[in-house]
Amino acid sequence: LTRIVSDMPLPTDNEMYEAVLQNSLMEYDLYDVSSNTLEKLFDESYYPEGGGSRKSYLGYRGDMLYFDQSRPDGDDITKVLWGYDCSAGTLQELYAENSTGCMGGYSTPQGFTRSGQLEFLFLQSTSDTLHIYNAADGQVYNVPYHDPTLDAAYGNAENYGRPIAVTGDGRVLVTDGYVQRDGYPVDAYGLIDLDDYLAGNTDYQPVQMWAQ
């Protein structure tokens with residue numbers, strides 16, 4: 001959870017309200033449902049230095065909590081992945097990437113979980129690769145999602161290798177071209193082991209699609 005920490009109550013007047021916020025903190029807390037208690041994790045200025053956004057929670061793995069932040073970088077945006085280690089009580093920058101060259105500029109990372117814990121984060125995509133952060137080893141992998149030889153069959157680079165979900169046995173469900181249904185193309189899907197996926201393997205196991 002987050003809450004504003006201020007030396008005085010927040011006034012109702014807009015100008016005074018903004019003036020108080022300039023000198024306030026945004027506190028990030030861990031809420032224990034069983035005991036109905038809050039534990040402070042960390043805090044920062046309500047308006048982060050350099051005009052960056054406030055951190056957004058993405059998920060957890062073990063004792064590590066993951067947060068996303070956007071920072072101005074000239075005419076572009078740099079996306080920053082933060083990790084808060086609950087056991088050590090430390091916040092660290094795990095990865096940063098400028099939006100230049102990324103498809104769509106920038107977006108919020110998409111987390112993929114198994115049994116409630118993060119397996120990996122889809123950070124950004126360029127014209128031919130997906131940037132995937134693997135929570136298990138803290139590494140970023142460039143996963144191919146556009147094979148020019150498949151253009152004739154697929155017709156859309158974004159419909160090849162993009163992660164959709166993680167299955168209970170640890171495989172990744174990805175888009176894998178199209179199938180025809182009632183005369184219209186619809187997404188086709190494939191499955192692949194996570195390690196193989198991160199290694200760039202594209203030998204997907206086709207998923208049998210439902211048909212009328």
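Of GLU93, GLU27, GLU97, GLU44, all but one fail to be of a type outside the set (S, T, N, Q), outside any loop (DSSP other than H, G, I, E, B) and loosely packed, with under 12 Cβ neighbours inside 10 Å; the exception is GLU93.
Within region 74-92, the presence of at least one residue that is modelled with pLDDT of 95 or more, out of contact with any Gly (no Cβ under 6 Å at 6 or more places or on another chain) and of a type in the set (D, E, K, R) is confirmed. How about region 115-127: which of its residues are surrounded by 14 or more Cβ atoms within 10 Å (Cβ to Cβ), at pLDDT below 95 and either touching a helix residue (DSSP H, G or I) at 6+ places or on another chain (Cβ under 9 Å) or among the polar types (S, T, N, Q) (or both)? Residues satisfying the conditions are GLN124, SER125, THR126. Residues in region 180-199: is at least one open to solvent by 40 Å² or more (accessible area, probe 1.4 Å), in a helix (DSSP H, G or I) and modelled with pLDDT under 95? The answer is no; no qualifying residue exists. Here region 30-41 is the region considered, the condition is being outside any loop (DSSP other than H, G, I, E, B) and either of a type in the set (Ser, Thr, Tyr) or farther than 26 Å from ALA88 by Cα (or both), and the residue that is modelled with the lowest pLDDT is TYR31.
The values are calculated or read from the model by the stated rules, or taken from the named source; none is laboratory data. Computed from a prediction, not measured in an experiment: that's the story for all the values here. Please note: Cβ atoms are built from the backbone with ideal geometry, for glycine as well, and neighbour counts cover all protein chains shown. Ligands, DNA and RNA are excluded from the accessible area calculation, which covers all protein heavy atoms including side chains. Shrake-Rupley method; radii C 1.70, N 1.55, O 1.52, S 1.80 Å.
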